[in-house]
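The values are calculated or read from the model by the stated rules, or taken from the named source; none is laboratory data. Here the structure is a predicted model, which is why all the values come from computation and not from measurement. Heads up: the accessible areas ignore ligands, DNA and RNA and are worked out on the full protein's heavy atoms, side chains in. Shrake-Rupley method; radii C 1.70, N 1.55, O 1.52, S 1.80 Å.
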Amino acid sequence: ATAEIYTLSLHDALPISGDEVIVGIHGFFGQRMAEIVERHGGTAIRVEVDFGDVVQVSQIADALDQHPDAKMVGVVHGETSSGVGQPLSELGDLVRSRDKLFLVDTVCSLGGSDIRVDEFNIDICYSGGQKCIGGPAGISCITLNDRAMSLIESRTKSVRSEEHTSELQSRTNL
């Protein structure tokens, strides 16, 4: 549950309420990312492909063309449910060229795949320690660049941390 709560906390820290967020979906955890955006008051623009396929850069470009006010693009790098590794380099270049934030879930892949956060123009990257990193369950890591920190620092509402406690309790029967 730690990576999930960390994901919820991250999305809560971002001022996405009322914003459009483009989410590339090629498995369960991409769907979950879209649900989290919506739970936090954002509009998830879902770019869905069949399980086993990757989201193409052209599909994200089309979504950005149709939703030029979207604030962010989010994808899952290593989608556990489908076994697919989403290519990041060209996607990161596209997202940066449109001046949007690029959020990448690497819970399943960090430590087992070559993820060049800066080179791939990833603004927000998070992971869990219990998978490829080989650490104990219950830890998570994140990297945020200056672009992402500027967005977080622009918040006008406080972070709703009590909601994460409720989410954790509902998922773990505490």
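Computed from backbone phi, the HN-Hα couplings of region 65-76 come to 5, 7, 9, x, 8, 4, 8, 8, 10, x, 9, 9 Hz, rounded to whole numbers (Karplus: 6.51 cos²θ - 1.76 cosθ + 1.60, θ = phi - 60°; Gly and Pro given as x). Accessible-area rank, largest first, for 96, 116, 32, 155: 116, 96, 155, 32, with all protein chains present and a 1.4 angstrom probe. The figure for residue 131 is an accessible area of roughly 90 square angstrom, using a 1.4 Å probe on the protein chains alone. Residues whose amide H lies under 5 Å from that of residue 25, counting only those 5 or more places away or on a different chain, are 47, 48, 49; hydrogens are built 1.01 Å from N in the peptide plane.
Could you please put 106, 43 in sequence from largest to smallest accessible area, using a 1.4 Å probe?
The most accessible residue leads, giving 43, 106.
Across the accessible surface of region 12-110, with the other protein chains kept in place and a 1.4 Å probe, carbon and sulfur atoms take up 46 percent. Note on residue 51 and residue 142: the extension gain reaches 30.1 nm, defined as 0.36 nm multiplied by sequence separation minus the Cα-Cα distance. Solvent-accessible surface of protein heavy atoms, probed at 1.4 angstrom with all chains present, puts 118, 19 in the order 118, 19, largest first.
Phi angles across region 34-41 convert, under the Karplus curve 6.51 cos²θ - 1.76 cosθ + 1.60 with θ = phi - 60°, into 3J(HN,Hα) values of 4, 4, 5, 4, 5, 4, 9, x Hz, Gly and Pro given as x.
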